[in-house]
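The values are calculated or read from the model by the stated rules, or taken from the named source; none is laboratory data. From a predicted model like this one, the values you see are computed outputs, not experimental measurements. Neighbour counts run over all protein chains shown; Cβ positions are idealised from the backbone, glycine included.
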Amino acid sequence: MTTRTPFPWEARYPPGIAWDAPIATTSLGEHLAAAVARHPDRVALIYRETRLSYAALGGMVRRAAAAFLGMAEARSGVGLLLPNSPWHSVAFFGAASAGLRLMQMSPLDAERELAHKLADSGARVLVTLADEGLLRRARALQARGLVDRLLVADDAHWGGPAGVGVPEGATDFAALLDAAEAGELPVVDKHAVALLQYTGGTTGLPKGAMLTHANLTAAANIQSYWRGGPEPDGERVIHVLPLFHIFALTSLNRHLGMGNTVLLRQRFEVGQCLDDIEQFRATTIAGVPTMWIAMANHPSIETRDLSSLRYPSSGGAPLPVEVEARFARITGTRLRGGWGMTETAPAGTGHPARGESKMGSIGLPLPNVDMQVVALNDPHRVLPPGETGEFRIHGPNVMAGYWNKPEENKAAFADGYFLTGDVGHMDEDGFFFLTDRKKDMILSGGFNVYPRVIEEAIYEHPDVAECVVIGVPDAYRGQSAKAFVVLRPGSAALTLDALCGFLADRVGRHEMPVALERRDSLPRTAVGKLSKLMLIEEETKGET
């Protein structure tokens with residue numbers, strides 16, 4: 001019997017949590033069906049005026065699976081163009097239970113991106129909402145010959161305002177389910193691709209990460225185990241992140257798999273979210289850093305009762321140290337950050353729910369997940385603790401590869417590990433620290449400059465609410481840093497000289513911003529993350 005050498009992070013795991021614990025993997029249909037069998041009468045989803053039990057959700061999913069199985073067009077894949085709604089869960093788990101490959105699209109995508117994802121994925125069935133804007137785009141895709149079957153659901157089914165109706169040439173999704181009879185479902189191979197989740201694509205067109213049923217259920221079950229397993233009466237979860245994003249999707253899969261009750265909102269509104277936490281007595285909410293910044297800056301935050309929160313978490317982007325500390329000071333509630341990627345579904349690292357944590361760290365590799373730091377110029381050379389390099393990752397949650405990208409797949413893996421493109425180091429205790437994205441790194445006068453280091457320092461300024469740092473052309477150094485900031489209400493105008501004076505003992509001379517732009521707001525991605533890409537595109541256009 002071979003004895004495994006423990007990883008350094010295992011010693012920092014909470015009592016009762018083992019890195020090599022058996023993590024169940026299954027098909028997505030079985031994942032949900034198990035929760036339905038355990039808690040048929042428990043409320044699964046609360047949305048508008050509807051409280052949908054697990055038994056009712058399970059019944060709708062089975063009828064959706066039967067309906068999809070009756071469509072020859074669905075065999076090449078099912079696309080979802082949906083906002084947060086129970087229709088998303090019904091369509092997602094219905095298609096997955098039928099053994100069909102899914103593909104998600106953002107309602108905020110440009111038509112060019114939507115067309116690329118449909119054409120690249122091969123999906124010929126599209127599910128959307130009876131919303132004027134969504135239908136207009138769906139019909140445009142249909143007119144281009146990219147959609148054979150358009151299924152339209154109405155939010156009025158759940159107590160929302162009536163939609164614009166089902167247009168000619170489309171099928172009423174609810175009526176389709178009413179007519180379907182749930183029969184025997186196929187046995188789905190858990191290693192089959194369940195979802196093509198397209199990456200943001202900072203250069204070129206987005207790529208489809210092939211996530212299997214096993215990848216997606218592993219990620220959900222790893223997170224559940226890391227949090228200590230299900231509570232007897234379930235958790236009360238607020239879900240405001242868009243489900244077309246992998247962070248939100250895996251969070252929902254986790255909570256539905258555990259039999260928790262999820263309050264589903266279409267979008268994040270800071271006042272409503274704080275009200276929901278108080279009134280719903282939420283135990284869990286997952287957010288991105290901009291959400292936590294907005295809540296920490298809300299004028300009523302210090303009078304709010306957030307004592308029910310036990311597992312607030314931040315993901316999707318690095319959480320600035322100052323924001324983490326500010327939220328803890330104001331609320332007495334500790335945010336647990338973590339790290340993951342679309343390609344890892346998106347499990348990777350997390351902070352222990354109990355025990356030691358380190359401010360500024362992205363946490364420890366999660367159970368069954370192995371991470372290493374390798375040289376920036378040689379992905380096969382593993383670096384010792386304390387040295388900066390690229391993260392690489394291996395685990396049951398890591399994608400099978402990129403769809404139809406054999407050459408990129410060769411470059412994306414080394415020694416069986418996925419090369420993340422994220423740069424940082426691991427300390428002696430196994431905590432990982434993210435410095436920046438490899439492709440976001442600024443090369444200034446021969447030095448590697450990491451925007452996140454500068455952003456963390458700028459966030460310490462008492463007048464700064466939000467900031468983003470990017471690289472801009474510099475005739476002498478090649479590139480230099482430019483800072484974009486949003487100031488807190490009532491703050492005095494911040495000048496570049498004043499900012500540099502503040503940063504003088506916080507960053508090196510080669511890291512000092514050469515330009516500052518104050519804005520009322522900063523651009524965001526569909527999931528609410530601050531978008532460097534949009535700012536880089538603006539700067540590039542300004543040069544031409």
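Quick notes on this one:
- Of all residues in segment 492-511, those that are exposed (fewer than 15 other Cβ atoms within 10 Å of the Cβ) and either modelled with pLDDT under 95 or among the small types (Gly, Ala, Ser) (or both) total 8.
- Tally, over segment 96-117, of residues that are more than 19 Å from the chain's Cα centre (by Cα), under 26 Å from Met60 (Cβ atoms) and of a type outside the set (A, V, I, L, M): 3
- Qualifying residues in segment 188-214 (those that are hydroxyl-bearing (Ser, Thr, Tyr) and under 16 Å from Gly340 (Cα atoms)) - the one modelled with the highest pLDDT: Tyr198
- The listed residues are Ala218, Ala214, Ala180, and the only one of them that is within 23 Å of Leu32 (Cβ to Cβ), surrounded by 14 or more Cβ atoms within 10 Å (Cβ to Cβ) and not assigned by TED's automatic domain parsing to the domain that holds Tyr402 turns out to be Ala180.
- Apart from one condition, Pro15 fits all of (1) on the phi < 0 side of the Ramachandran plot; (2) at pLDDT 95 or above; the exception is (2).
- Among residues of segment 294-310 that are touching a residue at least 40 places away in the same chain (Cβ under 8 Å), those with a beta-carbon under 7 Å from a residue that is among the hydrophobic types (A, V, I, L, M, F, W, C) and not in a helix (DSSP H, G or I) at least six positions away or on a different chain give the pairs Asn297/Ala465; Ser308/Ala282.
- Where a residue in segment 40-52 is at negative phi and its partner, wherever it lies, is assigned to a loop (DSSP other than H, G, I, E, B) and buried (at least 17 other Cβ atoms within 10 Å of the Cβ), with Cβ under 7 Å and at least six apart: Arg42/Gly234; Arg42/Gly259; Tyr47/Ser85
- Leading residue by the ranking (modelled with the highest pLDDT) among those in segment 160-187 that are in contact with a strand residue (DSSP E or B) (Cβ under 6 Å, 6 or more places away or on another chain) and in a loop (DSSP other than H, G, I, E, B): Ala170
- Residues in segment 531-544 that are part of a helix (DSSP H, G or I) and at pLDDT below 85 were compared, and the one that is surrounded by the most Cβ atoms within 10 Å (Cβ to Cβ) is Thr540.
- Contacts under 9 angstrom Cβ, first residue in segment 457-484 being hydroxyl-bearing (Ser, Thr, Tyr), partner buried (at least 22 other Cβ atoms within 10 Å of the Cβ) and in a helix (DSSP H, G or I), 6 or more apart: Tyr459/Val323
The rows are residues; the columns are (1) surrounded by fewer than 17 Cβ atoms within 10 Å (Cβ to Cβ); (2) over 22 Å from Asp440 (Cα atoms); (3) in contact with a strand residue (DSSP E or B) (Cβ under 6 Å, 6 or more places away or on another chain); (4) of a type in the set (Val, Ile, Thr).
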{"residue": "Leu366", "(1), (2), (3), (4)": "no, yes, yes, no"}
{"residue": "Val374", "(1), (2), (3), (4)": "no, no, yes, yes"}
{"residue": "Asn377", "(1), (2), (3), (4)": "yes, no, no, no"}
{"residue": "Leu383", "(1), (2), (3), (4)": "no, no, yes, no"}
{"residue": "Trp403", "(1), (2), (3), (4)": "no, yes, yes, no"}
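- Qualifying position, being under 22 Å from Val449 (Cα atoms) and over 27 Å from the mean Cα position of the chain (by Cα), among Leu499, Leu535, Leu494, Leu530: Leu499
- Residue within segment 349-357 that is within 24 Å of Phe244 (Cβ to Cβ) and not aromatic (Phe, Trp, Tyr) present: yes
- The one condition in (1) among the hydroxyl-bearing types (Ser, Thr, Tyr); (2) farther than 26 Å from Arg506 by Cβ; (3) in contact with a Ser or Thr (Cβ under 6 Å, 6 or more places away or on another chain) that Tyr417 fails to fulfil: (3)
- Gly421 meets each of the listed conditions (1) more than 24 Å from Ala515 (Cα to Cα); (2) surrounded by 20 or more Cβ atoms within 10 Å (Cβ to Cβ) apart from (2).
- Scanning segment 222-259 for residues that are over 16 Å from the mean Cα position of the chain (by Cα) and touching a residue at least 60 places away in the same chain (Cβ under 8 Å) gives Tyr225, Trp226, Arg227, Gly228, Gly234, Glu235, Arg236, Leu256, Gly257, Met258, Gly259.
- Yes/no for Val147 being of a type in the set (Val, Ile, Thr), more than 23 Å from Arg62 (Cα to Cα) and buried (at least 18 other Cβ atoms within 10 Å of the Cβ): yes
- Within the option set Ala411, Ala400, being without any contact (Cβ under 8 Å) to a residue 24 or more places away in the chain and not assigned by TED's automatic domain parsing to the domain that holds His116 holds for one residue only, Ala411.
- Residues in segment 512-530 that are touching a Ser or Thr at 6+ places or on another chain (Cβ under 8 Å) and buried (at least 17 other Cβ atoms within 10 Å of the Cβ): Pro513, Leu516, Leu522, Thr525, Gly528, Lys529, Leu530.
- Test for Leu249: is it in contact with a Phe, Trp or Tyr (Cβ under 9 Å, 6 or more places away or on another chain), aliphatic (A, V, I, L, M) and at pLDDT 95 or above: yes
- Taking the conditions (1) modelled with pLDDT under 95; (2) surrounded by fewer than 19 Cβ atoms within 10 Å (Cβ to Cβ); (3) not small (Gly, Ala, Ser) in turn, Leu241 satisfies each one other than (2).
- Yes/no for Leu69 being in the same structural domain as Leu108 (by TED's automatic domain parsing) and under 26 Å from the mean Cα position of the chain (by Cα): no
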